[in-house]
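The values are calculated or read from the model by the stated rules, or taken from the named source; none is laboratory data. Predicted, not measured: the structure shown is a model, and the values here were computed from it. Cβ: placed from backbone, ideal geometry, glycine included. Neighbour counts: every protein chain shown.
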């Protein structure tokens with residue numbers, strides 16, 4: 001696309017499609033504002049950009065000049081960032097159109113998008129179910145065909161898990177591949193902006209644009225943008241490891257069947273498949289739910305009613321202002337995580353929890369290095385233990401909700417790239433398979449994902 | 001692992017977070033469950049020699065977790081006329097508005 005009239009038509013069509021799926025509560029931007037902005041963006045976009053005229057929705061915890069950035073929280077209601085996140089600025093420079101802000105669990109804390117102050121998002125195929133989270137709004141919009149791609153963010157699987165549940169592609173890049181500047185911090189050593197797309201190609205194109213060095217983020221590696229690989233004819237020469245810890249005895253039999261079919265197809269494509277072991281996997285969720293809340297309790301200390309967003313009554317002195325604003329402004333899951341994070345960092349508990357979790361993280365990362373050092377190129381696992389679950393099913397049981405991330409948190413802890421690709425349906429609901437790659441070898445991971453996507457009958461029952 | 005109501009109150013105070021008395025029982029129960037779940041990592045005999053893993057460029061590393069005063073280039077008294085308990089004392093917003101009127 002290089003014709004301004006086509007970009008304008010694309011902008012109007014995207015706005016129309018987003019209106020059509022309004023019932024999903026996936027897009028938080030008011031439609032009038034969105035339509036006006038999309039038309040203005042289409043007029044101003046660079047026709048030479050590689051994403052010229054492509055509408056890309058953006059998760060509500062990624063800063064944009066155009067729309068509010070509330071992080072799905074009451075404490076940032078109406079907040080407007082004075083700058084674009086680097087990823088958003090790069091999208092605009094490539095000619096993409098920012099197609100509104102998507103609903104998410106508050107500050108990215110959740111696996112169902114039920115923890116949003118703006119109401120839950122609905123699963124696009126079954127309104128009684130959740131689209132996953134925390135980037136559930138982004139996944140639902142892509143799955144419903146409203147946009148070809150959307151930005152999400154990952155701290156423990158928040159792109160791949162909703163991608164799996166909604167039947168779209170979700171990529172989490174290597175830590176340091178994409179700038180975090182303008183991504184509202186949750187767990188700084190884990191957070192990465194990721195991409196959800198209707199295909200591997202759409203998601204990879206967007207990832208390629210937003211990747212690369214950025215002087216505004218010290219944790220962003222000094223590397224060029226990701227170069228997109230070609231779609232391979234076969235996977236001859238690839239060695240794919242299947243970690244046994246990701247296929248426990250009690251794994252949903254239908255998920256196992258879908259994975260077995262995908263593994264068979266990987267073999268038929270020419271890959272050598274071998275069983276491997278990542279022995280510390282069983283401790284990954286526990287490790288994650290110490291480190292992430294600890295970092296969150298520190299990162300979220302800045303929301304106090306004095307600097308951002310609304311302040312709440314009861315403010316006879318400054319301490320009371322902080323406490324009332326935070327007590328009323330944060331939702332129940334954020335409050336829980338801030339308290340757990342403060343607890344594990346507090347005097348007397350630091351060594352037993354936080355220090356130990358840091359050691360466990362090192363052991364989990366070492367497990368991956370051991371496997372990759374033995375000639376394995378990629379790992380294949382299920383992305384989620386089940387398809388989309390019912391709304392409310394896990395809302396009052398935080399630990400059950402946390403276990404939705406059991407197959408995704410390890411890549412965040414080890415800083416590795418991973419992708420979820422649809423591999424089938426279970427009673428009509430999509431399920432994803434995950435490829436985990438070596439640090440900064442997203443190109444290899446994408447090659448295998450392209451091949452798997454072409455081979456797997458993602459719309460068929462497993 | 002059982003978290004008491006008093007512990008929740010103390011942690012909430014450290015976190016500068018209002019927690020209502022009615023919310024305490026459920027919060028204490030849920031925090032207990034979460035902490036009990038995550039405590040399973042203590043079953044792994046990780047040696048003290050294991051260095052923490054932090055992804056990202058080598059230049060970005062945690063500094064030692066030490067409590068120490070962070071020296072200011074100028075003392076608080078030189079920056080503002082009144083300083084107490086770690087806060088700068090300023091007139092209330094209403095007083096500014098009255099002055100302008």
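Quick one: residue A:157 ticks every box in (1) over 11 Å from the mean Cα position of the chain (by Cα); (2) under 22 Å from residue A:85 (Cβ atoms); (3) crowded, with 24+ Cβ neighbours inside 10 Å bar one, so which box is it?
(1)
Looking for whichever is within 19 Å of residue A:100 (Cα to Cα) and part of a loop (DSSP other than H, G, I, E, B) here; the options are A:185, A:146. Which one fits?
A:146
With respect to residue A:458, is the statement that it is within 19 Å of residue A:269 (Cβ to Cβ) and in a loop (DSSP other than H, G, I, E, B) true?
Taking the combined requirement at face value, the residue satisfies it.
Hey, residue B:20 hits all of (1) under 21 Å from the mean Cα position of the chain (by Cα); (2) buried (at least 16 other Cβ atoms within 10 Å of the Cβ) but one; which does it fall short on?
(2)
Go through segment A:81-116 and give me each residue that's closer than 21 Å to residue A:334 by Cα and in a loop (DSSP other than H, G, I, E, B).
Within segment A:81-116, A:103, A:104, A:105, A:109, A:110, A:111, A:112, A:113, A:114, A:115, A:116 qualify.
Do any residues in segment A:210-223 that are surrounded by 18 or more Cβ atoms within 10 Å (Cβ to Cβ) have Cβ atoms under 6 Å from those of residues that are at pLDDT below 95 and assigned to a loop (DSSP other than H, G, I, E, B), where the two are at least six apart or on different chains, and which pairs are they?
Going by the 6 Å Cβ cut-off, the qualifying pairs are A:219/B:56; A:219/B:60; A:221/B:57.
Identify all residues within segment A:312-328 that are closer than 24 Å to residue A:68 by Cα and either more than 11 Å from chain B (Cβ to nearest Cβ) or crowded, with 22+ Cβ neighbours inside 10 Å (or both); write none if there are none.
A:313, A:325, A:326
Residue B:52: at pLDDT below 85, surrounded by 15 or more Cβ atoms within 10 Å (Cβ to Cβ) and under 16 Å from residue A:355 (Cβ atoms), yes or no?
Taking the combined requirement at face value, the residue satisfies it.
Would you please list the contacts, defined by Cβ atoms under 8 Å and residues six or more apart or on different chains, that run from a residue in segment A:343-372 that is at positive phi and more than 9 Å from every other protein chain (Cβ to nearest Cβ) to a residue that is in a loop (DSSP other than H, G, I, E, B) and surrounded by 20 or more Cβ atoms within 10 Å (Cβ to Cβ)?
Pairs that qualify, where the first residue is at positive phi and more than 9 Å from every other protein chain (Cβ to nearest Cβ) and the partner is in a loop (DSSP other than H, G, I, E, B) and surrounded by 20 or more Cβ atoms within 10 Å (Cβ to Cβ): there are none.
Of the residues in segment A:92-113, how many are touching a helix residue (DSSP H, G or I) at 6+ places or on another chain (Cβ under 6 Å) and over 22 Å from residue A:157 (Cβ atoms)?
4
Which residue out of A:243, A:253 is at pLDDT 95 or above and under 25 Å from residue A:194 (Cα atoms)?
Result of the check over A:243, A:253: A:243.
Kindly indicate whether any position in segment A:264-277 is at pLDDT 95 or above, outside any helix (DSSP H, G or I), at the interface with chain B (Cβ under 8 Å from one of its Cβ atoms) and farther than 30 Å from residue A:428 by Cα.
no
Within segment A:347-365, track down each residue that is part of a helix (DSSP H, G or I) and touching a helix residue (DSSP H, G or I) at 6+ places or on another chain (Cβ under 9 Å).
Answer for segment A:347-365, where residues must be part of a helix (DSSP H, G or I) and touching a helix residue (DSSP H, G or I) at 6+ places or on another chain (Cβ under 9 Å): A:352, A:353, A:354, A:356, A:357, A:358, A:359, A:360, A:361, A:363, A:364, A:365.
If residue A:287 satisfies every condition in (1) more than 7 Å from chain B (Cβ to nearest Cβ); (2) in a helix (DSSP H, G or I); (3) touching a residue at least 24 places away in the same chain (Cβ under 8 Å) but one, which is the exception?
With respect to (1) more than 7 Å from chain B (Cβ to nearest Cβ); (2) in a helix (DSSP H, G or I); (3) touching a residue at least 24 places away in the same chain (Cβ under 8 Å), residue A:287 is out only on (1).
How many of the residues making up segment A:428-445 are outside any strand (DSSP E or B) and in contact with a strand residue (DSSP E or B) (Cβ under 7 Å, 6 or more places away or on another chain)?
The qualifying residues number 3.
If you check A:371, A:334, A:340, A:344, which single one turns out to be touching a strand residue (DSSP E or B) at 6+ places or on another chain (Cβ under 7 Å) and part of a helix (DSSP H, G or I)?
A:371
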